[in-house]
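Each value in this text was obtained by applying a stated rule to the coordinates, not by laboratory testing. These numbers come from a predicted model, not from an experiment. As a convention, Cβ positions derive from the backbone with ideal geometry for all residues, glycine included, and neighbour counts pool all protein chains shown.
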Amino acid sequence: MRVIISPAKKMNVDTDSFPVSGLPRFLPQAGQILKAMRAMPPGELQKLWKCNDAIAKLNVGRLRHMDLRQGLTPAVLSYEGIQYQYMAPGVMEAEQLAYLQEHVRILSGFYGVLRPFDGVTPYRLEMQARLPLEGFRNLYAFWGGRLAEALAAETDFIVNLASREYSRAVLPHLPSAVDVLTCVFGQRKDGKVLEKGTRCKMARGQMVRWLAENRIEKREQLRAFSDLGYHFEAGLSTENQFVFIEGGR
């Protein structure tokens, strides 16, 4: 089983808490992307990143001094978004961290796919960014089936906890032999399931923590998730999509 999750925009540097265990699998491709971005003027980069002046200035500086092989942070500690706050890897026990390293894969527009303790450096690049690369119109085309191929080589069962932006870089390319289970977190409203961005990120991070704490390995075991007031809703779920509803039954 492998669990795919999204990265976060905000990143930090932490070279002290835990050592990195290796370099990203697709480091040569990250180097290609870095070269292409360094060739762009600051104004074009800001348009690519869709950010304010302060964030653009920070990341232009990062690009100028970026080293993909030294001064690295474990990926799971580098991302600072809501999902990672609820995952809280910094306070996990050794067995839980080992579970993350074996089972969790972080999708990235810059690095492709990451193991939690692959060493990374802060960057800004969303998967949906329109960055042309060597004849490819965007990052989805650049990565093509490479990420799906890498995951399919590891497992025949994927739990999808990634956002649509990132999951679409993998799911369409997976061979039919790979079973995919997507988890949906929402609230009931007018007979429908309403997904709210922040609540979803919280639930995804909490589920990753729960998976690690309970060493979950099988599809059926995921039904037991009940953190943050969620419960599995059998009537709304299918074999390939588990729906968790927030609030009373």
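Report, in listed order, any pair from K9/K218; K10/K201; K57/K196; K9/K57 with a Cα-Cα distance greater than 19 Å.
Numbers: K9/K218 31 Å; K10/K201 14 Å; K57/K196 31 Å; K9/K57 15 Å.
Beyond 19 Å: K9/K218; K57/K196.
Per-peptide packing, taken as the mean over residues of other Cβ atoms within 10 Å, places 27-36, 155-164, 117-126 in the sequence 117-126, 155-164, 27-36 from highest down.
Normalised by residue number, the volume inside the convex hull of the Cα atoms of the chain is 134 Å³ per residue.
Excluding same-chain neighbours fewer than eight residues apart, the aspartates and glutamates reachable from K192 by a Cα-Cα span under 14 Å are E233, E246. Structural descriptor for the chain: relative contact order 24 percent, calculated from alpha carbon pairs under 8 angstrom and at least 6 residues apart.
By DSSP, the beta bridges lying fully in the chain are antiparallel in about 45 percent of cases. Take every pair of alpha-carbon atoms less than 8 Å apart whose residues are at least six positions apart; their mean separation over the length of the range 78-142 yields a relative contact order of 20 percent.
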